[in-house]
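A short worksheet on the structure shown next.
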Amino acid sequence: MAGSFPICFVGKSLLTTKLFKTTLGKRKGTREARLPTKVLWMRRMRVLRRLLRKYRESKKIDKHMYHDMYMKVKGNVFKNKRVLMESIHKSKAEKAREKTLSDQFEAKRAKNKASRERKFARREERLAQVRCIAALI
């Protein structure tokens, strides 16, 4: 029985080493039979959803971003955890940039409004002085 070594005694990691040949000619089942795509999908979904939950609980993302990312995960937008993390960081940076821009815009509006009010107040003072002088004459 040389060469017939029960695979049940060997871990999956040894199957990919030089001990066992897993080339095309040695395979007995289809790719789907050997490792179903459904299993890959479930593993990926669980990893990505776990990451999203962890980020939400640690307050790295809010519930709105969680929902958006969750639906994108479900829609097969991200192929792995690294891509999802990059997307989260990118959207957070974009949100922060928009917030700073809006804050700057609001500050500029408030400054312009204050200067406009000062300008009208000075104009009213000058008009009051002119009316006072005109009343004396």
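How far, in degrees from 0 to 90, does helix 81-136 lean away from the longest principal axis of the Cα atoms of the chain, to the nearest 10?
0 degrees
Using +1 at the C-beta of Lys and Arg and -1 at the C-beta of Asp and Glu, which of G75, L24, L51 has the Cα lying farthest in the positive direction of the dipole of the chain?
Positive-most Cα among the choices belongs to L24.
Be a star and scan region 56-72 for residues whose amide nitrogen sits under 16 Å from the point 7 Å along the Cα-to-Cβ vector of S87.
Flagged as within label range: 56, 61-62, 64-72.
Output wanted: per-residue J couplings in Hz (rounded whole) for region 48-54, from phi through Karplus 6.51 cos²θ - 1.76 cosθ + 1.60, θ = phi - 60°, x for Gly and Pro.
Going residue by residue, I get 5, 5, 5, 4, 4, 4, 4 Hz, with x marking Gly and Pro.
Quick one: accessible area per residue over the chain, 1.4 Å probe, rounded to a whole number of Å²?
Using a 1.4 Å probe on heavy atoms only, each residue of the chain averages 88 Å².
Where Rh denotes the Kirkwood radius from the mean inverse Cα pair distance, what is Rg over Rh for region 30-80? Provide the component values of the computation, followed by the final result.
Numbers: Rg = 13.2 Å, Rh = 11.8 Å.
With Rg and the Kirkwood Rh in hand, the quotient comes to 1.11.
Taking every eigenvalue of the Cα gyration tensor of the chain, multiplying by 5 and rooting it, what semi-axes result, largest first, whole Å?
Equivalent ellipsoid semi-axes, largest first: 74, 12, 11 Å.
With charges set only on the Cβ (+1 for Lys and Arg, -1 for Asp and Glu), what does the dipole of the chain come to about its Cα centre, in debye to the nearest 20?
Dipole magnitude for the chain comes out near 580 debye.
Take the Cα atoms of region 85-130, find their three principal axes, and give me the spread along each one in whole Å, biggest first.
Principal-axis extents of the Cα atoms in region 85-130, largest first: 67, 5, 5 Å.
The values are calculated or read from the model by the stated rules, or taken from the named source; none is laboratory data. What you are looking at is a predicted structure, and each value in this text was computed from that prediction instead of being measured. Here Cβ is always computed from backbone atoms with ideal geometry, including for glycine, and neighbour counts include all displayed protein chains. Keep in mind that these areas ignore ligands, DNA and RNA; they rest on the heavy atoms of the full protein, side chains included. Shrake-Rupley method; radii C 1.70, N 1.55, O 1.52, S 1.80 Å.
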